Amino acid sequence: MKIAVLGTWDGLLVGRFVGALVDAGVAIDCIILDAKETNPRDLSIHEERTRGRLPAVPLHKFAAEQIPLFAVENHNDPEATMIARNREVGILVNAGTPRILKSAMLEAPSIGVLNCHPGLLPDYRGSSCVEWALFNNAPVGNTVHLMTEGIDEGDVLCTEPVPYAVGTPYSGIRTAVYEAAFALMAKACKGLADGRYTRADFQPQQGGTYYKPIDRESMDRVRQRFPEVA
């Protein structure tokens, strides 16, 4: 099965996902790069969450892998869809698309677009799921699932809680969830590439709760509960 990656040229996470796939022995057919630049607000949120623990990894670090790169204006453009179809891609890995993907792109790969959501589905759908889980004193973790036009509603391949020690600061927990996401995505892709997982292994979701972006007061309580080390 061919596996390709969706990202942007200056994406905060695309290099991390690519690195995890390469380290896991997953052959990457190509990387399709959207032209949209990283929003300064998104960069600020990432830095605030990780406190510099997780800098972006530039794609030129993987030049030796000779992965074909395709530049498109928008991941929803027909050009991007045709790249996936013409190359007979089975799985597209979402490594930071800046777009809400439309049905044409979602259906371009034979199995679909794979996403790693930083929350345990279906209980934590939507935004700030790590933060809301910490606020609720609930487990944090990641879920690998197929993307649909609904928010975090696609069929689930695997979930994995991320443990943390007592006294771990918020930024340490948030960074650990990111790092576990790269590894879980690589594990899922390796299983699909090797035939250990098939489309039949994806299970539909039932129930669950949708969360909006966490408000400042609730986030302040999370930071008080998981303070940074001075």
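The values are calculated or read from the model by the stated rules, or taken from the named source; none is laboratory data. What you see is a predicted model, and the numbers here were worked out from it, not measured in a lab. Cβ: placed from backbone, ideal geometry, glycine included. Neighbour counts: every protein chain shown.
Could you tell me which of the residues Val140, Val156 is over 29 Å from Asp220 (Cα atoms) and of a type in the set (Val, Ile, Thr)?
Details: Val140 fails: over 29 Å from Asp220 (Cα atoms).
After ruling out the rest, the residue left standing is Val156.
Taking Tyr164 as the residue in question, decide whether it is of a type in the set (Phe, Trp, Tyr) and assigned to a loop (DSSP other than H, G, I, E, B). Spell out the reasoning first.
Values: of a type in the set (Phe, Trp, Tyr): yes; assigned to a loop (DSSP other than H, G, I, E, B): yes.
Yes, satisfied.
Which members of the stretch 185-202 meet the condition of being in contact with a Gly (Cβ under 9 Å, 6 or more places away or on another chain) and farther than 10 Å from Val26 by Cα?
Residues satisfying the conditions are Tyr197, Arg199, Asp201, Phe202.
Restricting attention to the stretch 204-230, and to residues there that are out of contact with any Phe, Trp or Tyr (no Cβ under 9 Å at 6 or more places or on another chain) and part of a helix (DSSP H, G or I), which single residue is surrounded by the most Cβ atoms within 10 Å (Cβ to Cβ)?
If we take residues in the stretch 204-230 being out of contact with any Phe, Trp or Tyr (no Cβ under 9 Å at 6 or more places or on another chain) and part of a helix (DSSP H, G or I), then Asp220 is surrounded by the most Cβ atoms within 10 Å (Cβ to Cβ).
Would you pick out the residues in the stretch 77-123 that are under 29 Å from Gly207 (Cβ atoms), in a strand (DSSP E or B) and in contact with an Asp or Glu (Cβ under 7 Å, 6 or more places away or on another chain)?
His117
Got at least one residue in the stretch 132-146 being surrounded by fewer than 20 Cβ atoms within 10 Å (Cβ to Cβ), of a type in the set (Phe, Trp, Tyr) and modelled with pLDDT of 95 or more?
Yes.
Go through the residues of the stretch 182-190 one by one and say whether even a single one is over 21 Å from the mean Cα position of the chain (by Cα) and surrounded by 11 or more Cβ atoms within 10 Å (Cβ to Cβ). Break it down stepwise before answering.
Of the stretch 182-190, the ones over 21 Å from the mean Cα position of the chain (by Cα) are none.
No: the stretch 182-190 contains no residue that is over 21 Å from the mean Cα position of the chain (by Cα) and surrounded by 11 or more Cβ atoms within 10 Å (Cβ to Cβ).
Looking at the stretch 32-47, which of the residues that are crowded, with 18+ Cβ neighbours inside 10 Å and in contact (Cβ under 8 Å) with a residue 40 or more places away in the chain is nearest to Arg199 (Cα to Cα)?
Our first condition is that a residue be crowded, with 18+ Cβ neighbours inside 10 Å; within the stretch 32-47, this holds for 32-34, 46.
From what's left, in contact (Cβ under 8 Å) with a residue 40 or more places away in the chain: 32, 34.
Numbers: Ile32: 23, Asp34: 27 Å.
Checking each candidate, the answer is Ile32.
Of the residues Asn137, Asn74, which single one is assigned to a loop (DSSP other than H, G, I, E, B), over 25 Å from Ala193 (Cβ atoms) and touching a helix residue (DSSP H, G or I) at 6+ places or on another chain (Cβ under 8 Å)?
Asn74
Just to check your reading of the model, which residue among Leu12, Leu54, Leu21 is surrounded by 18 or more Cβ atoms within 10 Å (Cβ to Cβ), closer than 27 Å to Tyr170 by Cβ and in contact with a Lys or Arg (Cβ under 9 Å, 6 or more places away or on another chain)? Steps first, please.
Values: Leu12 fails: in contact with a Lys or Arg (Cβ under 9 Å, 6 or more places away or on another chain); Leu21 fails: closer than 27 Å to Tyr170 by Cβ.
Sole residue among the options that is surrounded by 18 or more Cβ atoms within 10 Å (Cβ to Cβ), closer than 27 Å to Tyr170 by Cβ and in contact with a Lys or Arg (Cβ under 9 Å, 6 or more places away or on another chain): Leu54.
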